[in-house]
Each structure stands twice: as structure tokens, then as C-alpha cells.
Amino acid sequence: MKDKLVLIGNGMAGVRTLEELLKLDPDRYGITVFGAEPFGNYNRILLSPVLAGEKTLQDILLNDRDWYEENGITLRTGCEVTFIDRRRRRVVGADGSGAEYDRLLLATGSVPFVLPVPGHDLPGVVTFRDIQDVDRMLVAAGSGGRAVVIGGGLLGLEAANGLARQGMEVTVVHVLDTLMERQLDRPAAELLRRSLESRGLTFRMAARTQAIVGEERVRGVCFSDGQELAADLVVMAVGIRPNVELAQQAGLYCERGVVVNDTMQTYDPRIYAVGECVQHRSATYGLVAPLFEQAKVCANHLADLGYARYPGSVTATRLKVTGIELFSAGDYLGGEGYDELVYQDPGHGVYKKLVVKDDRLCGAVLFGDTTDASWYFQLMRETTDVDAFRDRLLFGQAHLGDSGHGGAATVAAMADDAEVCGCNGVCKGAIVRAITAKGLFTLEEVRAHTKASSSCGSCTGIVEQLLAQVLGGDYSAPEVKPLCPCTTFTHEDVRRVIRENALKSVPEVIRFLEWKTPDGCQVCRPALNYYLLCAWPGEYRDDGQSRFINERAHANIQRDGTYSVVPRIWGGVTTPAELKAIAEVAEKFQVPTVKFTGGQRIDLLGVKKEQLPAVWRDLNRAGLVSGHAYGKAVRTVKTCVGSEWCWFGTQVSTTLGIRLERLCWGAWTPHKVKLGVSGCPRNCAEATIKDFGVVGVDSGWEIHIGGNGGVKVRATDLLGRVKTMEEVLEYASAFLQLYREEARYLERTAPWIERVGLGYVRQRLVEDARGRGTLHQRFLESQQYAQIDPWAEQAAPAVAPAEFVPVVRVG
């Protein structure tokens, strides 16, 4: 017999908890939901577009009644719970109905604060909290007239904008002399006021409401200075407070909200609470992103898994008013001990303020250009050391070379048919429709439904802006990102557990961490395979079935189903014998295309899969080995001719390049890694857009890291200068080992360095000489097991790999 779970509150936080619970253990409970409103679960974030006439209730429904029925959930709408009998474990509704529980989940949300002034209860005075409030405002707006919105905060401004869109003459009344004082400093608030005034709103600042006047219906607002403002509708938008009345009646411990611990459990162990009614570590939350994080943790414990923990959230604010780009997060005011970086362009309506302390970004206010909001927010949450790029910080991530975040300052201005994701051909309109129609809240959900941002990821910044534009302040990237949908554990959790518990196979990890799927998925299996390979280089047996097709076939599959074969050319230097062998292979197997690559290698294109072992065998006989051009591995070392031949060369770059490639080849890495060595600062080998680049100078070598070519062009950061080749080799191996051990799978060196901070990498490699030596030794040890040519293994006659045997047609 199933345990009984009762949810009080049919809002977003409570139902999200059920959705998470159903993913973990769909048969664990018989579930009953009580909701005071007569609807299914709807997206409260989108009330503003409903008020503005852009959407309807049907458009913002997240779960209709069919969803409850399909999941065996008893839904009691229009029934407010009025009593909790904790001793008998039973709740009672206003209609006298009841339900028993083994576990109870409180998600009673919040209630709007109403100024206790005379006339506050007159007809025509409304709050802005739910769909009934919106309906009342729309009815009032139907006949036009004048509206007064009391409250110059986020909610008040969105209500004012919506009413203005409905044709009302709107005045916003605010008790202070700046708008959104809890999110904006004075310059940003002033820009916001001007922008809203240009849209037709009127403001009455530093005005204290004395009374709402009227007889049978509201007719105006009276202020403390005796002045009066005529109104046909008054909207109270002066704040919310957690709805704790029911919890208090039940004897649960409450302060501002229902007090819960890190598992979302109240002082009664059978009762959990999530959402706006909750007080966690003295904080209450009104945005959806933290509420969903609470929901995930709560579901974990309701499913008796017991390992998730909610540490609290960092939140950010955005305004859901079309055409106004506004973002605020963290300690945006600064003060003594803080540094403020400010950019102002009043003519273009752009204001940026970043607050920095101890080389960490503490707060940000952006107006007019929020392109980099998500990036700044990530830097804040991950407490990244920004010292290395502090001089460019104010100008955004594009100035670090991330082309995916550049040139997209105003997504609001983009046409619906403008292409956002070039890899998958997804336009802006498709993304926005998916966000609203399918109730998406995270980048991962958008990727799953539209494929946007799921390939090269260069459009991630734009997709996040679209999420922010549609969801406003309720969108923020989750603080903890699981490795994949099969688990709630992060990349870092998984790597730590593998080491601490000596897990040495993919199935062992999946079982130990209680994966949701028995065999994992295409996302987690390659990651697990890599993490195990990195953790146990001498013991772990590589799982070929957990690799992508290119790595299984040791060649790159082409669009016509054939493969390309790229032998390794050490440092880009070859011999007539090697060239002859390659030419003979091309002739023997009738390779249709032979091409030089940008990495100074030769690519044999159009090789049939069944031909691969024979091709490799012939290349091996000439001493040629795999170039790993297909793998998440060290690819190539590009060099110039250096001082041996070049008039300008100052160092022997080809010699170093060959030594570097012979040291590093065969190493598996989180993503592909390219290296380059230039013999002088003219940099003909383009070393400063490589993952690890070396540039010869008169005194020795400059070492650069974190460069990227291709879609995301990023120049390297200078790590330091050394005098000898031996030092370069030690730095290279230590850098690669640090990257191998700490980067997330499929994270290239550039985003990894931006995430952890160049200062951190310098501290590990430059300042800590002993640590660098240890990393160097670990890299050398792992290379003992990695530097085995996979072509030679696969082409051996005794192996006869089934991978390369063509399927026989039967019949």
C-alpha cells in the first residue's frame, strides 16, 4: 500500500516538487493536492503578459487536469485547507472534506501586503498576485480611465506597464524618491524612470499614501501632503509576505516564514515546506529559480534518497517590460572596501556598474545592455577570481573572445524568424514559443525541447537572454547543474565519489550513485568513462561503448558515412618516406580526397569504414600513428620553422614542437586540446589562439593558455615566461594534468579558465612549484598507459574488431 502525500498549495513550487518526485519514484505515494484557486497549475511568472494582453490563462497553464489524472493525483481545486490535525495526520478543507497523510508538503506561497489606510477595501482597489487579480484589472481597464499603482518596485512597474498597454492612464506612486531601490542604485533607477516615462507612465515620487478615497467605489488617492490624485483603479503592489497562517495554526515553528532546514523539513519531521512560505537560513525567496531548487531537494527527501541539500540561493532581478533591458544582482551598492567599475552612456541609455572586492565580483547593475548578465551572475556565484581580466570585465565576455555573447545586445529587437542557433537552425520565435507553451525555466529545458544551444553552445548567451526576457527576474541559471538528467550529482560530485570510493567501472558508478536510468545516457556515459580513465589510468579498462562514434572508430565520420584518416605529423615536420607512404595508401584504397589541414597534417577523406584497419596497418608500417584528430584528446602541435630557417626566428620552435607533441600525444582530455609553438613574436604558428601556446622570445619562451580558434575565437592569457625547453615541457604537462583533473567533460580550456579564474591556474602552476612538479609527475605516469597507438591495436590481425566488419544483408 502506498504512503499518502498531501500537498497544500497548487502553485509552481509545490507542483514542481511533485514533478521532481515523480521522476525519482512515481509509485512511492498516493498524492492529493489542495488548491484554493479553481484551476490547474499555471505559470505565475507570466501574469504580466496576461495583463498586457499578450497571453491568456490557457497560454500559461503548466499542468492541466489531464496531467493530474495521468499521474494518479487527486486534485481538489477551489478548496482551501483550513486546518491541519498533526496528531491524527489529517488536513481539513473549507468545504469540510479531508485527507490523511503520511507526509505533508506545505506550499502556501505568499500573500500581498495591503497598506492599512482608510479605503483600502473599497471596490476598485486590487492587488497583483494571481489570475483573479489580473481579471479584475482587465475588467477595470476595459472602460479605460485612470489607474494608480502604489509601489515602484518590480511588481508595481510590471502592473503599470500592463495597464498602460490596456489603454489606461497610469500613475505610479512610490514612497521613496527612486524606483526599485532594493535592486537599483540611483543612476540606473533614474534611467529606468525616464524610459518608462517615454512609454507614457507618470510618476509621483516620495509620495506617502494617506487614504484611498471614494464612497461606493474608489475615486482617488489622497497623500500625506493633502494632495489628491483621481483614480478609477488602484493597484496595491507594495510587497508580499509569506503565507504562514495555516502553519502557525498547526503549531509549526514560524518566524517570517515557515522555518525549514537544508532538507526543506519543518520542525515536524513529517511536514516539509517549499516556496514563498518558507524561511531558510533567515532568508525568504520570491523568485522561481530558488523555489525550484528547493523543490528538487525536497523531492529527493520525499523519495527517501536523502542526499540532497539546499544551501540557499543567490538571486538576480530582471524587469519583464518589453524593450527595457535591466539586470541587478548581489551587493550592487558597494561602499567602503569595495571597488566600483562604472560605464555610463546616457545618450544611448546604457549604464553598467560592477562592484568588486578582493578580486571577486560582488554585485552588478546593468541597464540598457544586459548581454553579459548571465556571465556576471555566474562569476558572482562561482566567486571567480577576476583579477586577470579585470581591465576588460566591464566590457563583457565578448572582449574575452567569446563570440557567442557578442553582438546580441537587444534580443528584444530581434525578429521572430531571426536565427539564434545556427547549428540546429532554431529561430527566436521557436525558442520563445517553447518557453511559454511548454513552461520551460532553464537552459537545459530549452535545449531538450528546441535543440538550441545544444551543439557548439555559441548561442548560449542569447538563449539565456531570451529566457530572461520572457521570464524576467524569475529566470536564473540553476546554481547546481547535474551532470545529466540521469542524476542530480554534479560533475564535481561524481569525480569526488569515484576517487573517494575507488569506483572503477561505469556500471559501478551508476549503481553506487543510484542513477535514475540503469545504463546512463549519451551524455553521462562518455563523461563517466573519461572521469574513470583520468582517475585510474593504470587500472581502468577503457569502455569503448561509452565513447562517441568517432572515438570508437578512431576516425572522423563524414556526412556521406565514410571516414577521414589523419596520421600524426610530429610538430608538422614530415619526411619524403612518410609522404610516399601516405600517397601509396591514398592510391591503394582509392581515397577520393587528400587535403592538408590547418594543423599541418594530411587528411585522407572518404575512407570506407571496413577499410580503416587496412589503411592503418599500411600507415603503421611507415611509422605513422594516429593523430587523434577524432578524439577528446591532445590533437596536434602546430609550429613555424623557427630560428633554423627563418630570418626573424629567435628560438628553435620545430624542435620544441616535436618534443611537446611526443610528450603529450595520446592523452585523453575533457575536450580537444591544440598546441602551438611560434619561434618569435610574429607568431606564425598562431600559438596565441591555442589551448597551450608557446612563443619564442630573446630571453626564452612565453607560455600562453586558454586560447580558442573556430566558432569561439579567444586569445590566450599569458601564464608566464621561462628560459628553457625543459621548463616549457613541465609547464605543459602540469597544465594539461590540472585541466584533465578539474575541468568538466566537454569543457574546453577557455571556458574552464574563465570559470575557475586565471589567478587560480597561476597559483597552481606558477606560484606553487612543488604542486606543479606533482602534476607533471602524475601526467607522466598516466602517459605510460595512454601512449599506445590505437590504430596499431585495432589493425592487429588477431583483433578483428567487429566494429569494422560490414553488416551482411540477409535475403
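The values are calculated or read from the model by the stated rules, or taken from the named source; none is laboratory data. Fair warning: this is a prediction, and the values are worked out from it, not measured in the lab. Glycine gets a Cβ as well: all are built from the backbone with ideal geometry, and neighbour counts include every protein chain shown. Quick note on the areas: whole protein, heavy atoms, side chains included, nothing else; ligands and nucleic acids left out. Shrake-Rupley method; radii C 1.70, N 1.55, O 1.52, S 1.80 Å.
Compared with the dominant principal axis of the Cα atoms in the chain, helix 460-471 is inclined by about 10°.
Across segment 127-171, the convex hull enclosing all Cα atoms gives 58 Å³ per residue. Taking amide H atoms as placed 1.01 Å from N in the peptide plane, the amide H of residue 369 lies under 5 Å from those of 351, each 5 or more residues away in sequence or on another chain. Here is the list for segment 71-172: trypsin sites (Lys or Arg not before Pro) lying in DSSP coil, each with at most 12 other C-beta atoms within 10 angstrom of its C-beta, are 87, 88. For residue 75, the residues whose modelled amide H falls within less than 5 Å of its own, excluding neighbours fewer than 5 places apart on the same chain, are 33. Straight Cα distances below 27 angstrom link residue 23 to the lysines 2, 4, 296, 438, 451, 481, 516, with same-chain residues fewer than 8 positions distant left out.
Overall, the accessible surface of segment 17-98 at a probe of 1.4 angstrom is composed of carbon and sulfur to the extent of 41 percent.
Close amide-amide hydrogen proximity is noted between residue 83 and 92, each under 5 Å apart and 5 or more residues distant or on a separate chain (H modeled in the peptide plane; Pro and chain starts excluded). The mean sequence separation of alpha-carbon pairs under 8 Å and at least six residues apart, normalised by the residue count of the chain, gives a relative contact order of 8 percent. Its Cα gyration tensor gives the chain an equivalent ellipsoid. The semi-axes, each the square root of 5 times an eigenvalue, are 56, 32, 24 Å from largest down. Only helices enter the 222 nm calculation for the chain: every DSSP H run of n ≥ 4 contributes -39,500 (n - 2.57), and dividing by all residues gives -9000 deg cm²/dmol, rounded to 500. For residue 609, the lysines whose Cα comes closer than 24 Å to its Cα, not counting residues fewer than 8 places off in the same chain, are 580, 588, 595, 632, 672. 3J(HN,Hα) couplings calculated from phi for segment 197-212 with the Karplus curve 6.51 cos²θ - 1.76 cosθ + 1.60 (θ = phi - 60°) are, in sequence order, 4, 5, 8, x, 7, 10, 10, 10, 8, 6, 10, 9, 6, 9, 6, 9 Hz; Gly and Pro show x.
Full extension of the segment from residue 597 to residue 357, taken as 0.36 nm per residue of separation minus the current Cα-Cα distance, would add 81.8 nm.
Couplings 3J(HN,Hα) for segment 330-341, derived from phi with the Karplus relation 6.51 cos²θ - 1.76 cosθ + 1.60 (θ = phi - 60°), are x, 7, 7, 7, x, x, 4, x, 10, 9, 10, 9 Hz, where x marks Gly and Pro. With all protein chains kept in place, the per residue accessible area of segment 627-710 amounts to 33 square angstrom at a probe of 1.4 angstrom.
Along the axis of the charge dipole computed for the chain (Cβ charges of +1 for Lys and Arg, -1 for Asp and Glu, origin at the Cα centre), the listed residues 22, 294, 243 are led at the positive end by 22. Legend: translational diffusion of segment 523-648 by Stokes-Einstein, Rh = Kirkwood radius over C-alpha pairs, 20 °C, 1.002 mPa s; D = 133 µm²/s.
What is the calculated FRET efficiency for residue 445 to residue 583, with r their C-beta to C-beta distance and R₀ = 35 Å, to the nearest 0.05? Taking R0 as 35 Å, the efficiency between residue 445 and residue 583 is 0.10.
Using 0.36 nm per residue and subtracting the Cα-Cα separation, the extra length available between residue 718 and residue 343 on full extension is 132.3 nm.
Does anyone have the angle between helix 576-588 and the longest principal axis of the chain? Alpha-carbon axes, 0 to 90°, nearest 10? Its long axis makes an angle of about 70 degrees. For segment 26-184, the relative contact order is 20 percent, taking Cα pairs closer than 8 Å that sit 6 or more residues apart in sequence and dividing their mean separation by the residue count. For residue 372, the solvent-accessible surface with a 1.4 Å probe is about 10 Å², rounded to the nearest 10. Exposed loop sites here are GluC sites (Glu not before Pro) in DSSP loop states with at most 11 other C-beta atoms within 10 Å. What is the longest stretch of the chain lacking them? That gives 540-811 as the longest site-free run. Of the trypsin sites (Lys or Arg not before Pro) found in segment 715-767, the ones in coil according to DSSP and having at most 15 other Cβ atoms within 10 Å of their Cβ are 723.
Of the residues 187, 710, 590, the one whose Cα sits farthest toward the positive end of the charge dipole of the chain, with +1 on the Cβ of Lys and Arg and -1 on the Cβ of Asp and Glu, is 590. Is the C-alpha gyration tensor of segment 241-288 telling us rounded, prolate or oblate? Criteria: a/c under 1.5 is rounded; beyond that, a/b larger than b/c is prolate, otherwise oblate. Oblate, because a/c is 1.5 or more while a/b does not exceed b/c. For segment 167-205, the set of trypsin sites (Lys or Arg not before Pro) satisfying both a DSSP loop assignment and a count of at most 13 other C-beta atoms within 10 Å is given as 182. For the chain, excluding the exposed loop sites themselves (chymotrypsin sites (Phe, Trp or Tyr not before Pro), DSSP loop, at most 15 other Cβ atoms within 10 Å), the longest remaining stretch covers 649-811. In segment 532-609, the portion of solvent-accessible area held by carbon and sulfur atoms comes to 53 percent [1.4 Å probe, whole percent, DNA, RNA and ligands not counted].
Within the shell defined by Cβ-Cβ distances under 11 Å, the residues around residue 388 carry a net charge of -3, with Lys and Arg each +1 and Asp and Glu each -1.
Can you bin segment 594-655 into rounded, prolate or oblate? Criterion: square roots of the alpha carbon gyration tensor eigenvalues sorted a ≥ b ≥ c, rounded for a/c under 1.5, prolate for a/b above b/c, oblate for the rest. It comes out prolate by the Cα gyration axes. At a probe radius of 1.4 angstrom, the accessible area of segment 8-119 per residue rounds to 42 square angstrom. For residue 428, a cut-off of 16 angstrom between C-alpha atoms picks up these aspartates and glutamates, skipping any fewer than 8 places away in its own chain: 416, 417, 419, 445, 464.
For segment 644-718, the C-alpha radius of gyration sits at 1.09 times the compact-globule guess of 2.2 N^0.38 Å, with N the residue count.
Using the Karplus relation 6.51 cos²θ - 1.76 cosθ + 1.60 with θ = phi - 60°, the per-residue 3J(HN,Hα) values for segment 777-782 come to 5, 5, 5, 4, 5, 5 Hz, with x marking Gly and Pro. Helix 428-437 and the longest principal axis of the Cα set of the chain meet at an angle near 50°. According to a simple spin-label model (label point 7 Å from Cα along Cα-to-Cβ), what is the distance in nm between residue 747 and residue 228? It works out to 6.3 nm between the two label points.
What a 1.4 Å probe finds exposed on segment 738-782 is 47% carbon and sulfur by accessible area, rounded to a whole percent.
Placing +1 on the Cβ of every Lys and Arg and -1 on the Cβ of every Asp and Glu, with nothing else charged, gives the chain a dipole about its Cα centre of roughly 1560 debye.
Once a ≥ b ≥ c are taken as the square roots of the eigenvalues of the Cα gyration tensor of segment 201-337, is the result rounded (a/c under 1.5), prolate (a/b larger than b/c) or oblate (a/b not larger than b/c)? It comes out prolate by the Cα gyration axes. Looking at segment 498-539, the accessible area is 48 square angstrom per residue; that uses a 1.4 Å probe and ignores ligands, DNA and RNA.
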